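The values are calculated or read from the model by the stated rules, or taken from the named source; none is laboratory data. Since we're looking at a predicted model, the values are computed, not measured. Positions of Cβ are generated from backbone atoms using ideal geometry, with glycine treated the same way; all protein chains shown enter the neighbour counts. These accessible areas exclude ligands, DNA and RNA; they are computed on the full protein's heavy atoms, side chains included. Shrake-Rupley method; radii C 1.70, N 1.55, O 1.52, S 1.80 Å.
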Amino acid sequence: MTIASADHDTIEMELDELIPTLSLKEKVAMMSGKDFYKYYFSVDNRQFGVRAYNAGGGCEEIDLAPLSYADGPRGVRLPNGTTCFPVSMARGASWDVDLEHRIGSAMGVEARALGLTLLSNVCINLLRHPAWGRSQETYGEDPYHLGEMGAALVEGTQSQNVMATAKHLAANSIENARFKVDVTVSERALREVYLPHFKRVVDAGCATVMSAYNQVNGHYCAHNAHLLRDILKDEWGFEGFVHSDWVKGVYGADAAEAGLDIENPEPTFFGEDLVHAVKSGETNEAVVDEAVRRILRMQLRFSRAADPRSYSTSDVGCAAHAELAQEAAEKSMVLLKNNDILPLARNGARIAVLGRLADKVNLGDHGSSNVTPPYAVTPLAGIKNLVDRHIALQSDTSGDPIAAAALAKNNDIAIVIVGYTYFDEGEFIPGDVALEEVSGEEDAHRGGDRSSLRLPQADVDLIRSVAATGTKMVVCVMGGGAITMDEWSDLADAILMIWYPGMEGGTALARILFGDISPSGKLPFSIPAYESHLPYFDKHADDITYDMYHGYTLFDRESITPALPFGFGLSYTQFIYGDPTLEMIDDIALVRVKITNRGAMAGAEVAQLYVGFGNSVIDRPKKLLKGFKRLELEPGETAVAEFTLDRSAFAHYVERDKCWRLDPVPFEVLVGPASNLLKPCQTMLIWPE
Ligand code: GLC
């Protein structure tokens with residue numbers, strides 16, 4: 001519950017009086033984390049994320065404790081049995097901002113119960129290429145979708161008076177090269193593609209931003225004054241503070257001048273070096289005063305805000321949060337193919353559950369987003385829990401294609417669980433630059449970017465072996481991003497993308513497979529027909545150039561048909577769209593479309609609105625997502641999806657004039673169930689001068 005602006009003024013006045021009384025040493029001491037290495041090397045046996053960390057701030061004069069920090073996007077990363085939600089990318093597939101707000105609130109409750117004041121859970125880096133190792137931690141490929149989902153998580157988290165962190169500013173989308181890669185990106189591509197979602201979460205009141213490890217246009221993000229000062233603080237009016245990513249990314253005390261307010265996890269440079277820089281005149285003390293003001297401003301605003309409820313350790317991993325994790329898993333799974341085999345009948349059919357992942361707890365990355373829940377329901381356990389009493393269920397989790405085929409042959413349906421684990425994709429922490437010594441072969445391959453978007457060969461072999469038996473097959477795919485399926489998709493009678501589905505993922509999967517609920521997820525990224533259709537990607541790049549195009553905007557420009565388009569997802573029911581209408585009310589465009597559930601089953605539909613720029617005289621994407629609405633509809637029910645658009649949805653950035661401009665051309669407005677299934681409004685939209 002944020003405090004009233006009057007209290008903001010009071011805080012500013014208090015800081016006006018307090019800051020001049022602090023010594024330079026006291027002020028600089030607030031600008032870095034403390035004791036990380038002490039605990040990591042001498043107490044925690046080199047285990048990361050086993051405690052909350054001192055991430056800077058605090059002021060003895062006003063009895064204010066330092067920031068108590070933990071990650072992460074999937075839940076609170078502390079070893080207390082916290083709730084493990086489906087990964088962010090899965091939640092991105094739900095397109096459900098209300099749900100994301102509730103998840104943020106639940107994470108905030110658990111953070112408060114564990115004494116945290118800063119939660120690093122809002123990862124919104126744009127998915128430029130699906131091979132990015134940390135795809136699972138963000139929501140998808142589109143800036144508008146990223147911004148809406150990220151803002152919902154910020155608002156939910158901060159509703160419990162925990163500061164959220166939006167990360168990693170900016171253009172952090174190659175994992176193995178993240179500590180070094182220099183991303184060259186034009187100002188227009190930065191403004192229109194790589195920053196809008198950060199502005200959206202800043203406008204939503206996000207208290208803090210984490211600078212990325214990589215460079216942008218020749219400057220490390222922690223030292224990038226154009227990003228941190230010109231854009232974030234000056235132009236956007238960001239009132240919070242910027243803290244660095246962990247261990248790397250800060251290379252000198254001059255980062256303070258560039259706009260970095262806190263160095264994490266320790267004062268490598270924001271200690272004696274910064275004091276010396278101020279005393280020598282290299283750094284103006286006003287820079288330190290501003291950083292201290294930003295830090296204390298946020299700490300006081302959040303610590304003084306009235307709490308909406310009480311907090312106790314019984315909230316951590318509680319049943320209500322597990323139910324929320326299950327709801328998120330149910331709403332995130334995407335039905336990609338269904339030859340009328342799903343939903344499965346609950347009685348009679350003999351079912352084999354197969355695959356090396358079928359009974360594996362597979363929650364995602366083991367890096368900073370890792371969460372250790374009190375329990376986790378695997379796909380096999382979820383299916384058993386739901387139907388074991390009715391169905392002759394057999395299983396083989398060896399992953400051996402011959403054993404799987406032998407079992408499939410004697411059953412009516414084969415449910416095959418395939419996909420990735422944290423070995424295949426995730427945060428990459430090589431021993432030489434970070435804290436974790438890479439020991440042994442296994443760890444050496446842990447995480448990082450993917451070298452291929454295909455399923456592991458063992459999974460493809462398993463699918464082919466089961467298909468050869470002629471038994472009907474449902475393939476359930478686990479992972480955090482796009483996986484190409486063309487080499488085996490014809491062999492499957494149904495395909496479900498089930499992601500890293502969180503602690504109740506097996507329960508959710510079973511409810512979808514057996515028709516308790518209809519799948520409603522839609523892809524938050526495009527899946528290419530061929531990897532060659534994607535932008536250039538090099539996991540070891542020293543430098544790379546990002547332009548305006550990737551995902552569906554690239555496919556539109558090149559007239560390429562993806563294997564599976566952005567926004568695509570099937571249902572067990574059918575939704576019929578009426579003709580979208582558009583009317584101008586003052587300076588707002590109001591778009592409406594009727595949607596009817598024509599099937600016999602309740603379901604949810606995600607209606608998407610795109611603005612078409614086909615008449616534009618400048619180089620820009622053919623269309624861009626500018627709205628989405630998730631509607632829950634009973635059989636036969638009709639509802640109206642309403643969208644409002646203002647000029648900003650149509651503007652483009654003019655580098656020469658450093659401003660946004662509106663083309664005086666007609667714009668199309670299109671609505672539909674997926675980026676490739678759109679109906680245009682009858683009238684085009686021309687904005688009055
Ligand atoms: C990592 C990650 C960042 C995380 C931080 C602290 O390197 O890049 O997302 O918040 O360290 O764990």
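Points worth noting:
- Verdict on Val371 being within 16 Å of the ligand (Cβ to nearest atom) and aliphatic (A, V, I, L, M): yes
- Applying the criterion of at least 2 residues that are farther than 15 Å from Leu678 by Cβ to the strands (runs of 3 or more DSSP E) found wholly in region 517-635 leaves 543-546, 581-585, 588-597, 603-612, 623-633.
- Positions within region 295-344 being closer than 30 Å to Leu274 by Cβ and open to solvent by less than 20 Å² (accessible area, probe 1.4 Å), in sequence order: Ile295, Leu296, Met298, Gln299, Leu300
- Within region 294-317, none of the residues are part of a loop (DSSP other than H, G, I, E, B) and within 16 Å of the ligand (Cβ to nearest atom).
- Residue count for region 624-673, restricted to those that are surrounded by 13 or more Cβ atoms within 10 Å (Cβ to Cβ) and out of contact with any strand residue (DSSP E or B) (no Cβ under 9 Å at 6 or more places or on another chain): 1
- The combined condition, being of a type in the set (Gly, Ala, Ser), open to solvent by less than 10 Å² (accessible area, probe 1.4 Å) and more than 15 Å from Gly33 (Cβ to Cβ), is fulfilled by Gly259.
- Restricting Ala345, Ala322, Ala328, Ala358 to those that are hydrophobic (A, V, I, L, M, F, W, C) and modelled with pLDDT under 95 reduces the list to Ala345.
- Here His540 does not qualify as in contact with a Leu (Cβ under 9 Å, 6 or more places away or on another chain) and not assigned by TED's automatic domain parsing to the domain that holds Ser451.
- Taken across region 200-216, residues that are under 25 Å from Gly108 (Cα atoms), out of contact with any strand residue (DSSP E or B) (no Cβ under 9 Å at 6 or more places or on another chain), away from the ligand (no atom under 16 Å from the Cβ) and assigned to a helix (DSSP H, G or I) do occur, with at least one present.
- Single residue of region 373-409 satisfying the filter (β-branched (Val, Ile, Thr), modelled with pLDDT of 95 or more and outside any helix (DSSP H, G or I)) that is surrounded by the fewest Cβ atoms within 10 Å (Cβ to Cβ): Thr397
- So Glu12, is it modelled with pLDDT of 95 or more, open to solvent by 70 Å² or more (accessible area, probe 1.4 Å) and either of a type outside the set (Gly, Ala, Ser) or out of contact with any Pro (no Cβ under 7 Å at 6 or more places or on another chain) (or both): no
- Top-ranked residue in region 153-196 [being more than 16 Å from the ligand (Cβ to nearest atom) and under 17 Å from Ala111 (Cα atoms); ranked as surrounded by the fewest Cβ atoms within 10 Å (Cβ to Cβ)]: Ser159
- Residue within region 101-111 that is more than 16 Å from the ligand (Cβ to nearest atom), in a loop (DSSP other than H, G, I, E, B) and touching a residue at least 60 places away in the same chain (Cβ under 8 Å) present: no
- Screening region 127-149 for residues that are part of a helix (DSSP H, G or I) and away from the ligand (no atom under 14 Å from the Cβ) and picking the one that is most open to solvent (accessible area, probe 1.4 Å) gives Tyr144.
- Counted residues, region 350-368 - those being surrounded by fewer than 22 Cβ atoms within 10 Å (Cβ to Cβ) and within 16 Å of the ligand (Cβ to nearest atom): 1
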